[in-house]
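Report on one structure; see the data block that follows.
The values are calculated or read from the model by the stated rules, or taken from the named source; none is laboratory data. All figures in this text were calculated on a predicted structure; none of them were measured in a lab. FYI the Cβ positions are ideal-geometry reconstructions off the backbone, even for glycines, and counts take in every protein chain you see. With ligands, DNA and RNA removed, areas are computed over all heavy atoms of the protein, side chains included. Shrake-Rupley method; radii C 1.70, N 1.55, O 1.52, S 1.80 Å.
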Amino acid sequence: MIYTIKQLLENTINEIFSESVNNQSIDFSIERPNNDKHGDFSSNIALKLASVLKNNPMIIAKNIVEEIQKKNVESVDNIEIVKPGFINFFINNNYYQNIVEKILLEKDDYQKTNIGKNKKVQVEFVSANPTGPLTIGHGRQAVLGDAVSRILEWNGYEVTREYYFNDAGRQMRLLGKSLYVRYMGLFGEKLEIPTDGYEGEYIIDIAQLFLNKYGEKYKNNFVETVFIDYATENLLFSIKSTLKRLDIVHDVFFNEKTLYENGKIDETLKKMEQSGVTYKSDGAIWFKTTEFGAEKDRVLVKSSGEPTYRLPDIAYHAQKLTRDYDRIIDIFGADHHATYPDVISALKVMNYDTSKIHVLIHQFVTLVRNNEKIKMSTRKGDFVTLDKLIDIVGKDVVRYFFIMRNMDSHLNFDIELAQKETDENPVYYLQYAHARISNIIKHSKLKNINSFDDGNVKLLVEKEEVDIMKLMSEYKEIMKLCHTTLEPMHLANYLHKLSSHFHKFYQKHRVVTDNEELSKARLKLIKSIKIIFANCLNILGIEAPENM
RNA sequence: GCCCCGGUAGCUCAGCUGGAUAGAGCAACGGUCUUCUAAACCGUAGGCCACAGAUUCGAAUUCUGUCCGGGGUACCA
């Protein structure tokens, strides 16, 4: 409807003011006013035209409205002109009632697009190195990445979820050494955990498993690769199972090591050297990032001959770009925001089309306990694991919690609150609405209403009913917004609003009554709400329960 | 120093590309279950939208500056 009105206004001003406006595009808006008195839709077009036409906005509005009224537009009941020059449109119930029928007819496909049909998109997220269990911070990214993937899938894209990790390098050597220390600890040997090593208790658990498997075979016998491999395998397994508990499954686990093995690292470095964007200094190879707007040049290969993370990152993205994806989406934490521009610059140097790459940055999660901030460090083992969080509040709450906030905003996660208020958590509010609807439909069958296909939606005229239908008419715009911004939060907000409207309706009106005609009409309404609910909850990855 | 986020009710956050009386949840106080689940609903209270300027018919929203918080600015990932 909003699009119809926009078109209508555009056509109208072209007809009346074509000469004076001269095909300039007027940047006017159509919005849904907060106040019902201002109609269903409101446009500021006359206000915008006033400066161009150098005329009183009220007079311009009057001209426009007169012209529109000649056209006798269906669905539009009334048009009003108000104070400074707003044009307000009042839509008749008929239009909204038809939406219910449409939803029932199209079901899950209602407003579904095929924007992404035959398009492949890769979403890279989490990508934590296997040095410890996933933390709450990783949780935000995991949930966000999966929800973004689901939004894309809903729009018809073929999505590959990918996890990029590295089981080599300094960090992993420290991990291996730390495991060895803990293993020896089980024999009563007190060795020092290396500086910057991993002190978390989970290493002790792994050491125990290691002991169970190998016995004393590696006592006083530190074989680095054995310890690293064992720790990696174990941690990666637990990471996968944590993600699985959130219904998140990656299609591809990409090990950075393969880039060394297949020569992509060398190839990338060579290409960059040939392009003349590198130089040697102090025994290291540098990337002239200052030429691309950075404040300092960056090291690609250390004087030790070992690449920094930057070179593999570049090689990895170059490799992604050769995999014929139509879009590549990277989800990173705020700590990465400084590094990805370098990757993009490097790719441009090598003549890749970087417009396919879209980077989403989310802000950090701050863990709060008793109003005190807790610092999270995987290395020190001072963190609350994602697993523990799922134990406490469950999958649905975890997912909803991370989705309900804008990714640009810092997230405060209060542990005490999460434990205390599981019953008052907003996610139950949504699920409860869905469960109530299911229950009513069940109840209607007990009352011998076996089918309500012949229900007449024209009977839906109560304010609470119309409000719900109006909100459902916004569904299309919400889904569009989610797709363009890739911000699942909008969907969570929408669902909350829809729940609220439903609960209000439920409180005031009974669905199943002695009036069979009305009962059937209302059953149609709630069934359509249920469809929308199930759809949205599915995209957010939250269960839509039949009972609670 | 420079770069990226944020600063809205006691707390956690919405507020779309500027619009007409600033919104929700939690917390506080008061009310509503013989009738489809009270995990709900209704009401009360609570705001100089960090601060100062600028643009505009009109700014929480755009721009500039200042202050405060988080992150980055590694030959760590």
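Return the pair list, or none, for Cβ contacts closer than 9 Å from residues in segment A:445-462 that are surrounded by fewer than 11 Cβ atoms within 10 Å (Cβ to Cβ) to residues that are of a type in the set (Lys, Arg), at least 6 apart or on different chains. That search, which allows pairs on different chains as well, returns A:451/A:520; A:453/A:520; A:453/A:524; A:454/A:520.
Yes or no, residue by residue, for (1) open to solvent by less than 10 Å² (accessible area, probe 1.4 Å); (2) assigned by TED's automatic domain parsing to the domain that holds residue A:218; (3) under 15 Å from the mean Cα position of the chain (by Cα):
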{"site": "A:114", "(1), (2), (3)": "no, no, no"}
{"site": "A:125", "(1), (2), (3)": "yes, no, yes"}
{"site": "A:129", "(1), (2), (3)": "no, no, no"}
{"site": "A:146", "(1), (2), (3)": "yes, no, yes"}
{"site": "A:184", "(1), (2), (3)": "yes, yes, no"}
{"site": "A:197", "(1), (2), (3)": "yes, yes, no"}
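Taken together, A:288, A:280, A:270 contain a single residue that is open to solvent by 30 Å² or more (accessible area, probe 1.4 Å), under 24 Å from residue A:345 (Cβ atoms) and touching a Ser or Thr at 6+ places or on another chain (Cβ under 9 Å), which is A:288. If you go through segment A:312-352 and keep only what is outside any loop (DSSP other than H, G, I, E, B) and among the basic types (Lys, Arg), you end up with A:320, A:327, A:348. Any chance segment A:319-333 includes a residue that's open to solvent by 30 Å² or more (accessible area, probe 1.4 Å) and touching a helix residue (DSSP H, G or I) at 6+ places or on another chain (Cβ under 6 Å)? Yes: one or more hits. Candidates are the residues of segment A:412-432 that are near RNA strand B (Cβ under 8 Å from one of its atoms) and at pLDDT 85 or above; the one that is most open to solvent (accessible area, probe 1.4 Å) is A:432. Selection over segment A:498-508 of residues that are loosely packed, with under 14 Cβ neighbours inside 10 Å and touching a residue at least 12 places away in the same chain (Cβ under 8 Å) gives a count of 1. Considering only residues in segment A:51-107 that are on the phi > 0 side of the Ramachandran plot and away from RNA strand B (no atom under 12 Å from the Cβ), the one that is surrounded by the fewest Cβ atoms within 10 Å (Cβ to Cβ) turns out to be A:72. Residues that are in a helix (DSSP H, G or I), open to solvent by 10 Å² or more (accessible area, probe 1.4 Å) and touching a helix residue (DSSP H, G or I) at 6+ places or on another chain (Cβ under 7 Å) were ranked within segment A:148-182; the one that is nearest to residue A:125 (Cα to Cα) is A:150. For segment A:199-223, what are the residues that are open to solvent by 70 Å² or more (accessible area, probe 1.4 Å) and under 42 Å from the mean Cα position of the chain (by Cα)? Listed by number, the residues that qualify are A:199, A:201, A:205, A:208, A:209, A:212, A:213. Looking only at residues of segment A:298-308 that are without any contact (Cβ under 8 Å) to a residue 40 or more places away in the chain and not in a strand (DSSP E or B), we find that the one that is nearest to the chain's Cα centre (by Cα) is A:308. Per the listing A:197, A:185, the residue uniquely touching a residue at least 40 places away in the same chain (Cβ under 8 Å) and either within 30 Å of residue A:487 (Cα to Cα) or of a type in the set (Gly, Ala, Ser) (or both) is A:197. Within segment A:328-355, the set of residues being within 16 Å of RNA strand B (Cβ to nearest atom) and not small (Gly, Ala, Ser) comprises A:330, A:331, A:332, A:335, A:336, A:337, A:339, A:340, A:341, A:342, A:343, A:344. Confirm whether residue A:126 is under 28 Å from residue A:250 (Cα atoms) and among the β-branched types (Val, Ile, Thr). Taking the combined requirement at face value, the residue satisfies it.
Look at (1) surrounded by fewer than 16 Cβ atoms within 10 Å (Cβ to Cβ); (2) part of a helix (DSSP H, G or I) and you find that residue A:514 fails only one, number (2).
Consider segment A:480-493 and keep the residues that are open to solvent by 10 Å² or more (accessible area, probe 1.4 Å) and not in a loop (DSSP other than H, G, I, E, B). The one that is nearest to RNA strand B (Cβ to nearest atom) is A:493.
The criterion of at least 3 residues that are of a type outside the set (S, T, N, Q) and either over 30 Å from residue A:387 (Cβ atoms) or out of contact with any helix residue (DSSP H, G or I) (no Cβ under 8 Å at 6 or more places or on another chain) (or both) is met, among strands (runs of 3 or more DSSP E) falling completely within segment A:227-297, by A:284-287. Within the option set A:342, A:324, A:330, being of a type in the set (Asp, Glu) and closer than 18 Å to residue A:271 by Cβ holds for one residue only, A:342. If the requirement is being assigned by TED's automatic domain parsing to the domain that holds residue A:137 and modelled with pLDDT under 95, which of these qualifies: A:252, A:277? Criteria check complete, one pass: A:277.
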